[in-house]
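Below is one structure, written out as structure tokens, with a few remarks after it.
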Amino acid sequence: MGLAVELKLRITMVDPHSSRDRRSRVTPVMLLLLATLGLAGVLTYQAVDAAASHRETAERALRDHATFAAWEYTRLARKELEWHFWNVLKPVVYYHAPADPTALPTAPQLAECRATLAECDCPTVKFFWAYFAVDLKTGKTVWSGDAQTSYGERWDLAALLGPSEEQPVVLYSLRRDLRGEARVASGVLLDPALLPEALRWPYEKAELLPSALTGHSTNDSVLALRVEHRGTNLVYSAGGWYPATIVGADTLGAMYAGLTATVALNPALAQRLVIGGLPRSRMPLLLGLLGLTAGLVAVTLRQLRKEYELARLRSDFVSGVSHELRTPLAQIRMFTETLALERVRSPEEARRALDIVVRESERLSHLVDNVLQFSRAERGTMRLAPEPARLDLLLKDVVDAFRPLAQARQVTVRFASEAGITATVDPAAVRQIVLNLLDNAVKYGPAGQTVQVTLALEKGGAAISVQDQGPGIPKDARDQVWKPYWRLPRERESAVGGSGIGLAVVKELVDGHGGSVSVGDGANKGARFTVRVPGTLRMDLPPSSAASAAPAAPAPS
């Protein structure tokens, strides 16, 4: 016994170091995986940032093209408007200008100006409404608009627009007195339809972008135009409006009522204006790849954790099996040495030593069979040899053979069965199943308990149950106990040794017979393990045979 205790202590001391060694090997791999995920995140961010920067640069270049088109349009529009405006202002500014700059033209003189304009062969004539003159000092002639604040200090020509499309276009020219102050405003009222007419020509006739870029395409296929007054009153528009992502704007200047031209480029033109075209957003693809990488890392970490847990369970299994094997070996060696050295004091002691050697040999054989069965199940090489067998007699032999092991722990094993139950099973496998259940019941139950083994017919099959008086199995752990290496937390923390494969072997062998296993509460606390084997029947035995085959009824516990 001293040897067994020494071996157990030695195993307990070695095992934590091996656990730390496994953890130290796994930790760098986990850190490398997390570092890989972080690197993937950084590369994704850099790729997204580079793509965004590339797109922003391309859009800025396109906006520059749009701004250039707007500037070119306003330059040509100013020239067109200047030509139209000068044609109607020339009569009142030059032909009938009085000698005194402060004097207003007379009504006949304004009528002569109109007659002079009628002789002009220019399209602006059809938009003429009226000439006017205003004394800015006395306000002798009154007209709509605040002329005193509508011109610059050194302007000689300007245009006024009303707040709506219905109000006329007002063109005027200033005459100054000897001190250089504006004194008289002479001008003309024009039909507001003049502006769209004049603003149409630069868009329809001129190239606003170089043909080398547009491929000699017309303006209406590459850009849209909006000319507005004060940002709200639309004066002229042309072309279908494109999304306002590639937009440029320019103003005609305050002398032309502050008209603003806004140009929007056709996004399809980006393929020609920018080398390689406007880059598409790769954000979904990059985020998808990053998510896939994160998923793969997560799966790898989970698998690594499972491998670590499996390695830990296997290490615990090796430790448990080593302890379970060395304990009976130590007993066998100790008592065989005692017998060999003739240290027994009486024949009764010699007989007791031999019984212990036989018992521990059977226990050792049972442990080896368990490991072999588990190894075959793990490799998928487990083979059963079913044959017709009397289950009641088979189980009675198993219980009788196990009683010495149970008595060593002051445990009573009782067996009850209906006579003549026959099934096609592998006798060795059934023996292993019952021995594993009995070993669990004795090992984890209290000393002095009674373990009840029962065999009965149940819905065309045989039900083998083993009931102990131990602490039982918690309901949330009843599906876990059949897994390899798995042990209840209270068992792992206790001094009771175990390999964690006994019930796994039971389930594999029962599944090989096409049966089922379950665990529930026993009648007197404890756990009740039930094995169901299909295809069984009860033979009709002669009264004498049945009486001899049926075991004695168990005494009440």
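The values are calculated or read from the model by the stated rules, or taken from the named source; none is laboratory data. Everything quoted here is computed from the prediction, not taken from an experiment. No Cβ is skipped: glycine too gets one built from the backbone with ideal geometry, and neighbour counts run over all protein chains shown. To get the accessible areas, we keep the full protein, side chains included, count just its heavy atoms, and leave off ligands, DNA and RNA. Shrake-Rupley method; radii C 1.70, N 1.55, O 1.52, S 1.80 Å.
For the reader, a short list of remarks on this structure follows.
- Residue within the stretch 500-513 that is under 15 Å from residue 444 (Cα atoms), within 40 Å of the chain's Cα centre (by Cα) and modelled with pLDDT of 75 or more present: yes
- Residue 492 vs. criteria open to solvent by 60 Å² or more (accessible area, probe 1.4 Å) and either among the small types (Gly, Ala, Ser) or at pLDDT below 85 (or both): yes
- Only residues that are surrounded by 20 or more Cβ atoms within 10 Å (Cβ to Cβ) and not acidic (Asp, Glu) were counted across the stretch 384-393, and they come to 1.
- Near pairs, Cβ below 8 angstrom, 6+ apart or cross-chain, from the stretch 362-377 (of a type in the set (Val, Ile, Thr)) to any residue that is modelled with pLDDT of 65 or more: 368/325; 371/321; 371/501
- Residue within the stretch 42-52 that is farther than 26 Å from residue 287 by Cβ, modelled with pLDDT of 50 or more and part of a helix (DSSP H, G or I) present: no
- Leading residue by the ranking (nearest to residue 466 (Cα to Cα)) among those in the stretch 425-455 that are open to solvent by 20 Å² or more (accessible area, probe 1.4 Å), of a type in the set (A, V, I, L, M, F, W, C) and in a helix (DSSP H, G or I): 435
- Residues of the stretch 519-547 that are open to solvent by less than 40 Å² (accessible area, probe 1.4 Å) and either at pLDDT 75 or above or among the charged types (D, E, K, R) (or both): 519, 520, 522, 526, 527, 529, 530, 531, 533.
- Annotation note: of 137, 126, the sole residue that is in a helix (DSSP H, G or I), at pLDDT 80 or above and open to solvent by 70 Å² or more (accessible area, probe 1.4 Å) is 126.
- Options 101, 108, 28: the member that is within 29 Å of residue 133 (Cα to Cα) and either touching a Pro at 6+ places or on another chain (Cβ under 7 Å) or at pLDDT 75 or above (or both): 108
- For the stretch 182-211, taking the residues that are among the charged types (D, E, K, R), farther than 15 Å from residue 169 by Cβ and assigned to a helix (DSSP H, G or I), the one that is most open to solvent (accessible area, probe 1.4 Å) is identified as 205.
- Any hit, the stretch 320-332, residues being at pLDDT 75 or above and touching a helix residue (DSSP H, G or I) at 6+ places or on another chain (Cβ under 8 Å): yes
- For residue 249, the criteria (1) in a strand (DSSP E or B); (2) more than 15 Å from residue 69 (Cα to Cα) hold in every case but one, which is (2).
- Of all residues in the stretch 46-102, those that are under 30 Å from residue 205 (Cβ atoms), in contact with a strand residue (DSSP E or B) (Cβ under 8 Å, 6 or more places away or on another chain), open to solvent by 30 Å² or more (accessible area, probe 1.4 Å) and not aromatic (Phe, Trp, Tyr) total 5.
- Any hit, the stretch 169-178, residues being at pLDDT below 85, assigned to a loop (DSSP other than H, G, I, E, B) and farther than 29 Å from residue 238 by Cβ: yes
Okay, residues lined up against (1) of a type outside the set (D, E, K, R); (2) modelled with pLDDT of 85 or more:
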residue	(1), (2)
397	no, yes
401	yes, no
404	yes, no
409	no, no
427	yes, yes
439	no, yes
451	yes, yes
462	yes, yes
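- Cβ-Cβ distances below 8 Å connect the following pairs, each with a first residue in the stretch 192-220 that is free of Cβ contacts under 8 Å to residues at least 24 places away in the same chain, a second residue that is surrounded by 12 or more Cβ atoms within 10 Å (Cβ to Cβ) and of a type in the set (Phe, Trp, Tyr), and a separation of six or more residues or different chains: 219/203; 220/203.
- Filter pass, residue 422 being open to solvent by 50 Å² or more (accessible area, probe 1.4 Å), farther than 19 Å from residue 520 by Cα, in contact (Cβ under 8 Å) with a residue 24 or more places away in the chain and not aliphatic (A, V, I, L, M): no
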